[in-house]
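Below is one structure, written out as structure tokens; comments come after it.
The values are calculated or read from the model by the stated rules, or taken from the named source; none is laboratory data. Small disclaimer: the values here were computed from a predicted structure and weren't measured. So basically every Cβ, Gly included, is an ideal-geometry build from the backbone, and we count neighbours across all protein chains shown. In case anyone asks, the SASA skips ligands and DNA or RNA and just uses the protein heavy atoms, side chains included. Shrake-Rupley method; radii C 1.70, N 1.55, O 1.52, S 1.80 Å.
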Amino acid sequence: MEYLIIFISAIFVNNIVLTQFLGICPFLGVSKKISTSLGMGAAVIFVITLATIVTWLIQHYLLNPFNLGFLQTIAFILVIASLVQMVEIILKKISPSLYAALGVFLPLITTNCCVLGVAILVIQKDFGLLEGTIYALSNGVGFTLALVIFAGLREQLALSDVPKGMQGVPIALVTAGILALAFMGFAGLV
């Protein structure tokens, strides 16, 4: 039951993008098409889950035993950068069209604060490896859900008659705010 609560809470109640405001750059940048959003979401789910597992192991078997906690951020960033490079190489071979569609945003997963934020939050919340992995996976799913919903809304807005002063980024930010308010409705769920 505890794992289900972690899963639902991270996806809906404490969505990493809409309530904690981590990962806003790719959220706004890659959300113009649903297909691109799904690809980015899948890449983030993979990287965030794998990075959390590896960083948890590094924290508990290397940094903590040798009192090197001050190296946490640097070590975590290096792990995340390596994993993103791996995902980039795999996507380039498996799906060149998705690789091209993601463009500059794929390397931005390296600096996506949601990946680093989740890895650090797992350590701060003192989760075990399984709890941390579920937390990371569900945060990746929550990120993807928010990204895909937002992309769908932006595709619909592109077909709508939006006043000239609100076209582009302004209407995207207003829409993101309304979406965040919608997710706040889940606050009493867990």
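Laid out as a table, the results:
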read-out: Accessible area (Å², per residue) of the chain, counting only protein heavy atoms and a probe of 1.4 Å; value: 51
read-out: Hits among lysines - C-alpha to C-alpha of residue 93 under 23 Å, sequence gap 8 or more where chains match; value: 33
read-out: Simple spin-label estimate for residue 126 and residue 169 in nanometres, 7 Å along Cα-Cβ; value: 4.3
read-out: Longest to shortest principal axis, alpha-carbon extents of the chain, angstrom; value: 60, 43, 27
read-out: Additional length obtainable on full extension of the chain from residue 190 to residue 158, 0.36 nm per residue less Cα span; value: 8.0 nm
read-out: Solvent-accessible area, 1.4 Å probe, carbon plus sulfur percent, for the chain; value: 72
read-out: The chain: most fluctuating residue of 95, 82, 35 per GNM, C-alpha cutoff 10 Å; value: 95
read-out: Computed FRET value (nearest 0.05) for residue 182 with residue 95, which takes r as the C-beta separation and R₀ as 30 Å; value: 0.45
read-out: If the convex hull is drawn through the Cα atoms of the range 70-120, its volume per residue in Å³; value: 62
read-out: For the chain, built as a Gaussian network whose Cα springs stay under 10 Å, the top-fluctuating residue of 159, 57, 106; value: 159
read-out: Under Karplus coefficients 6.51, -1.76 and 1.60, residue-wise ³J(HN,Hα) of the range 15-25 in Hz, glycine/proline x; value: 4, 4, 8, 8, 10, 9, 6, 9, x, 5, 4
read-out: For the range 1-71 versus the range 157-176, the gap between their alpha-carbon centres in whole angstrom; value: 29
